[in-house]
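The structure appears right after this line, and notes come after that.
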Amino acid sequence: MQIALTFAVFSNSLLAWAESRNYANVPKGFDERDLIYVLPQSFQDNSDTGSVVHHDLQLLRGLSGVVDAAPMNNLPAWGSAAAVYTSNDDKARELRVSLYDTDAAGPNVLGLQLTAGRAIRADDVVWRDSAEAGRDPSVVMISQSLADELFGDAPAVDKSLWLGRSGQLVQIIGVYRDVLGVTVENQRLRTMSVIRPLVVWQTNSAPNYLIRTEPGSAIELLETIKDRLEVIEGRYIHQVSTVDDLIARDLFASIAVTRVFGVISVTMLLVVSLGISGLAAYSVSKRIREIGTRRALGATRRRVIGMLVGEGLLTTTIGLVLGAALALPINYFTVRSGLMGMAMQPMYLLVAALFLLMLTAIAVYLPSRRAARLEPAIATRS
């Protein structure tokens with residue numbers, strides 16, 4: 001049972017490790033180390049928040065080391081999803097996507113590469129207070145993955161889609177190469193995104209800001225940006241950091257699961273290896289006379305060692321079969337609870353099984369080799 005439990009935990013540990021590595025290496029479409037995000041907050045109402053937003057953007061774009069800056073509702077690896085439809089019919093297919101509301105500088109800040117159509121322009125952008133309902137832009141840009149999902153090989157430019165089932169019908173004016181969406185762990189939200197030329201603020205809150213810096217300048221600019229933006233009375237900067245930090249936070253759960261599984265796996269593998277080795281040594285010590293008899297009847301040392309190692313591997317194989325039945329429910333629970341995103345794959349069960357079989361062979365081989373080296377006459381008298 002100990003082997004079965006170890007196999008179940010170890011195989012899930014391998015899966016968690018592979019998943020965290022996959023997430024860390026996903027293409028993001030930009031260098032996250034050169035992007036800074038700012039989350040401003042206010043503790044008093046300001047009826048002229050729109051002017052504050054324009055002032056902030058002018059200030060940020062004028063800083064040395066800043067390439068460009070844009071307001072953003074959501075940020076890479078931080079934010080909420082939106083639903084898009086190809087029609088407003090009740091049976092229309094829903095797609096969950098990352099929605100970026102920004103101004104004409106947004107595509108440049110994100111480093112978008114157009115594959116079709118055009119980017120949003122200043123005259124496309126709608127600037128409004130959140131209380132001004134009904135004034136929304138009529139055009140959007142979409143990512144290549146979303147265009148492929150919605151329209152296949154057909155051109156997406158000049159097609160239409162609905163933002164929300166009862167929302168607004170908008171026209172697609174441009175398609176861009178995929179950039180990281182509001183989360184790393186969900187493949188659809190990671191690659192399927194919409195950029196809408198809209199800047200919305202509240203009387204007590206300006207939108208978030210995303211800032212592209214010159215390579216290697218982001219860390220040096222963090223304190224400067226915070227100090228310059230906090231001079232406005234009644235406001236403080238809740239967070240200012242690099243997008244690299246946002247991605248690390250988004251991956252915190254999967255990294256934590258990987259570490260927990262890793263520590264448990266190493267501990268259990270150590271215990272199992274000691275247990276197998278001890279059990280093999282005890283079993284061999286009880287069979288010394290049998291081993292001597294087999295040697296006296298002509299069995300070679302290699303054959304004796306092979307017999308004992310084979311018996312150990314058979315015991316481990318039985319444990320692996322039971323462990324496989326246990327590994328799947330553990331994986332199902334972690335996926336359902338959101339701790340992991342990948343379902344168990346046969347490859348990880350196979351790698352874990354081969355590792356445990358190799359560990360068993362080594363643990364059993366050492367005492368078996370000592371016993372096989374005894375002379376038959378000595379072994380039969382023991």
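With the requirement that a residue be in contact with a helix residue (DSSP H, G or I) (Cβ under 8 Å, 6 or more places away or on another chain) and either exposed (fewer than 15 other Cβ atoms within 10 Å of the Cβ) or part of a loop (DSSP other than H, G, I, E, B) (or both), what does the stretch 144-156 give you?
If the condition is that a residue be in contact with a helix residue (DSSP H, G or I) (Cβ under 8 Å, 6 or more places away or on another chain) and either exposed (fewer than 15 other Cβ atoms within 10 Å of the Cβ) or part of a loop (DSSP other than H, G, I, E, B) (or both), then Ala156 is the only one that fits.
Inside the stretch 157-176, can you point out the residues that are open to solvent by 10 Å² or more (accessible area, probe 1.4 Å) and of a type in the set (A, V, I, L, M, F, W, C)? Give the derivation first.
So in the stretch 157-176, the residues open to solvent by 10 Å² or more (accessible area, probe 1.4 Å) come out as 157-160, 162-169, 171, 173.
The answer is Val157, Trp162, Leu163, Leu169, Ile173.
Find the residue count for the stretch 34-88, including only residues that are among the small types (Gly, Ala, Ser), touching a helix residue (DSSP H, G or I) at 6+ places or on another chain (Cβ under 9 Å), on the phi < 0 side of the Ramachandran plot and open to solvent by less than 20 Å² (accessible area, probe 1.4 Å). First the steps, then the outcome.
So in the stretch 34-88, the residues among the small types (Gly, Ala, Ser) come out as 42, 47, 50-51, 62, 64-65, 69-70, 77, 79-83, 87.
The next check asks that each one be touching a helix residue (DSSP H, G or I) at 6+ places or on another chain (Cβ under 9 Å); those that pass are 42, 64-65, 69-70, 77, 81.
Next cut, on the phi < 0 side of the Ramachandran plot only: 42, 64, 69-70, 81.
Filter once more, so that each one left must be open to solvent by less than 20 Å² (accessible area, probe 1.4 Å): 69-70.
Within the stretch 34-88, residues that are among the small types (Gly, Ala, Ser), touching a helix residue (DSSP H, G or I) at 6+ places or on another chain (Cβ under 9 Å), on the phi < 0 side of the Ramachandran plot and open to solvent by less than 20 Å² (accessible area, probe 1.4 Å) number 2.
Residue by residue, here is whether (1) under 20 Å from Ile232 (Cα atoms); (2) under 33 Å from the mean Cα position of the chain (by Cα) holds:
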| residue | (1), (2) |
| --- | --- |
| Val66 | no, yes |
| Ala69 | yes, yes |
| Leu75 | no, yes |
| Ser80 | no, yes |
| Ala83 | no, yes |
| Asp89 | no, no |
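Among the residues of the stretch 103-143, which ones are polar (S, T, N, Q) and surrounded by fewer than 19 Cβ atoms within 10 Å (Cβ to Cβ)? Talk me through it step by step, then tell me what you get.
Filtering the stretch 103-143 down to residues polar (S, T, N, Q) leaves 108, 113, 115, 130, 138, 143.
If the condition is that a residue be polar (S, T, N, Q) and surrounded by fewer than 19 Cβ atoms within 10 Å (Cβ to Cβ), then Asn108, Gln113, Thr115, Ser130, Ser138 are the ones that fit.
For Val199, work out the one condition from (1) buried (at least 21 other Cβ atoms within 10 Å of the Cβ); (2) touching a Gly at 6+ places or on another chain (Cβ under 9 Å); (3) over 16 Å from Val52 (Cα atoms) it doesn't fulfil.
(3)
Within the stretch 191-209, is even one residue closer than 27 Å to Asp129 by Cα, β-branched (Val, Ile, Thr) and assigned to a helix (DSSP H, G or I)?
So far as the stretch 191-209 goes, no, none of its residues is closer than 27 Å to Asp129 by Cα, β-branched (Val, Ile, Thr) and assigned to a helix (DSSP H, G or I).
Only one of Arg259, Arg235, Arg228 is farther than 22 Å from Lys28 by Cα, over 24 Å from the mean Cα position of the chain (by Cα) and open to solvent by 50 Å² or more (accessible area, probe 1.4 Å). Can you tell me which?
Arg228
Of everything in the stretch 182-214, what is of a type outside the set (Val, Ile, Thr) and at pLDDT 85 or above? Give them in sequence order. Outline the logic, then answer.
Our first condition is that a residue be of a type outside the set (Val, Ile, Thr); within the stretch 182-214, this holds for 185-190, 192-193, 196-198, 201-202, 204-210, 212, 214.
Those that are of a type outside the set (Val, Ile, Thr) and at pLDDT 85 or above: Met192, Ser193, Arg196, Pro197, Leu198, Trp201, Pro207, Asn208, Tyr209, Leu210, Arg212, Glu214.
Would you mind stating whether Val179 is under 18 Å from the mean Cα position of the chain (by Cα), open to solvent by 10 Å² or more (accessible area, probe 1.4 Å) and of a type in the set (Val, Ile, Thr)?
Details: under 18 Å from the mean Cα position of the chain (by Cα): yes; open to solvent by 10 Å² or more (accessible area, probe 1.4 Å): no; of a type in the set (Val, Ile, Thr): yes.
It is false that Val179 is under 18 Å from the mean Cα position of the chain (by Cα), open to solvent by 10 Å² or more (accessible area, probe 1.4 Å) and of a type in the set (Val, Ile, Thr).
Name the residues in the stretch 161-175 that are outside any loop (DSSP other than H, G, I, E, B) and touching a residue at least 60 places away in the same chain (Cβ under 8 Å), would you?
Restricting attention to the stretch 161-175, the residues satisfying the condition of being outside any loop (DSSP other than H, G, I, E, B) are 161-163, 168-175.
Leu161, Trp162, Leu163, Leu169, Gly174, Val175, listed by residue number.
The values are calculated or read from the model by the stated rules, or taken from the named source; none is laboratory data. What you see is a predicted model, and the numbers here were worked out from it, not measured in a lab. Positions of Cβ are backbone-derived with ideal geometry, glycine not excepted, and every protein chain shown enters the neighbour counts. Calculation scope for accessible area: heavy atoms of the full protein, side chains included, ligands and nucleic acids excluded. Shrake-Rupley method; radii C 1.70, N 1.55, O 1.52, S 1.80 Å.
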